[in-house]
Amino acid sequence: MNKLCYSKLDIRREGVDHVNIKKLQAKVNDFKTFGAITTALATFFYIGTLLPKDGLSQSKIIVIECIVFGMLILSLIFFLTSNHFYRKLKKEEQA
């Protein structure tokens, strides 16, 4: 009787672990995607400051470059968060 209860508990635990692993994998993928999109958008804005600047004043260019810098910081945060969840995922898979 005890072995049967333990086997049901083990099956239930494996199901919970599998769901938790899937959630962590989804978070890793999401944060990597957020980081890539934010980096691409920052690059697009930065290229806009390099093109001929007929209508842009110096103050507008500085504002755009500050926005680009902020987006790159945000992208770094997304990639670091993705790395954090990846390490957590590997720890879950080993357990």
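Values quoted throughout were computed directly from the atomic coordinates according to the rules given, and no laboratory measurement underlies them. Fair warning: this is a prediction, and the values are worked out from it, not measured in the lab. Here the Cβ positions follow ideal geometry from the backbone for every residue, glycine too, while neighbour counts run over all protein chains shown.
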Using the 10 angstrom Cβ neighbour count as an exposure proxy, how do Phe31, Phe44 rank, fewest first?
-> Phe44, Phe31
Unit charges at the beta carbon, dipole of the stretch 36-95: most positive-side option, Leu51, Met71, Ala95 | Ala95
Per-residue HN-Hα couplings for the stretch 83-95, Karplus 6.51 cos²θ - 1.76 cosθ + 1.60 at θ = phi - 60°, whole Hz, x for Gly and Pro?
-> 5, 4, 5, 5, 5, 5, 5, 5, 5, 5, 5, 6, 6
Going by how many other Cβ atoms sit within 10 Å of their own, how do Lys22, Lys27, Lys88 line up, fewest first?
-> Lys22, Lys88, Lys27
Mind putting a number on the dipole of the stretch 35-94 about its Cα centre? Charges go on the C-beta only, +1 for Lys and Arg and -1 for Asp and Glu, and I need it in Debye to the nearest 20.
-> 200 debye
